[in-house]
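Trainee: Here you go, one structure.
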Amino acid sequence: MFVLDTDHLAITQQQATPAYEHFIQRVAQHAPSDFFVSIISFHEQVMGWNAYLSRALNTAAVVRGYERLGRVLANFARHKSYRLTMLLPPCLMTFAPVACASGLWICA
């Protein structure tokens, strides 16, 4: 099981970057059913586009913001997602002190 974070999703949404090609090559080595997204990434993307909309200065920017917000919803509707409690190590669910190193949770 692979959980894609917000940065991974941003790479897939900006398909014209070298990171996209590398990411797609790595993803292609696994079955699509192995990949999941979390509600956290959905929240981060929605908040980002809400912030964009709050700064929009003209109609074109508002239309773009709502178009992208709609795409976020459509993209997440297509993906499987897990509840946060299913993604975190058990020690995090007790709110014990933790350290994060190299993107991996290390329970204290």
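Trainee: When you look at SER41, is it surrounded by 11 or more Cβ atoms within 10 Å (Cβ to Cβ), polar (S, T, N, Q) and in a helix (DSSP H, G or I), yes or no? Walk me through it before giving the result.
Mentor: Details: surrounded by 11 or more Cβ atoms within 10 Å (Cβ to Cβ): yes; polar (S, T, N, Q): yes; in a helix (DSSP H, G or I): yes.
Considered against the rule, which asks whether it is surrounded by 11 or more Cβ atoms within 10 Å (Cβ to Cβ), polar (S, T, N, Q) and in a helix (DSSP H, G or I), SER41 comes out as yes.
Trainee: Let me ask something else. If ALA96 passes every condition in (1) part of a helix (DSSP H, G or I); (2) at pLDDT below 95 but one, which one does it miss?
Mentor: Going through the list (1) part of a helix (DSSP H, G or I); (2) at pLDDT below 95, ALA96 breaks only (1).
Trainee: Under 6 Å by Cβ, and 6 or more places apart or on different chains, what pairs join a residue from the range 1-14 that is part of a helix (DSSP H, G or I) and surrounded by 13 or more Cβ atoms within 10 Å (Cβ to Cβ) with one that is at pLDDT 85 or above and not small (Gly, Ala, Ser)?
Mentor: Close Cβ pairs (under 6 Å, with a partner that is at pLDDT 85 or above and not small (Gly, Ala, Ser)) amount to THR6/GLU44; ILE11/TYR20; ILE11/PHE23.
Trainee: Identify all residues within the range 34-70 that are out of contact with any strand residue (DSSP E or B) (no Cβ under 9 Å at 6 or more places or on another chain) and touching a residue at least 40 places away in the same chain (Cβ under 8 Å); write none if there are none.
Mentor: Of all residues in the range 34-70, those out of contact with any strand residue (DSSP E or B) (no Cβ under 9 Å at 6 or more places or on another chain) come to 40, 43-70.
Result: ILE40, single match.
Trainee: What number of residues in the range 18-31 are outside any helix (DSSP H, G or I) and closer than 19 Å to GLN45 by Cα?
Mentor: Within the range 18-31, the subset outside any helix (DSSP H, G or I) is 28-31.
Subset that is closer than 19 Å to GLN45 by Cα: none.
Here the count works out to 0.
The values are calculated or read from the model by the stated rules, or taken from the named source; none is laboratory data. These figures come from a predicted structure and were not determined experimentally. In this analysis, Cβ positions are derived from the backbone assuming ideal geometry, glycine residues included, and neighbour counts consider all displayed protein chains.
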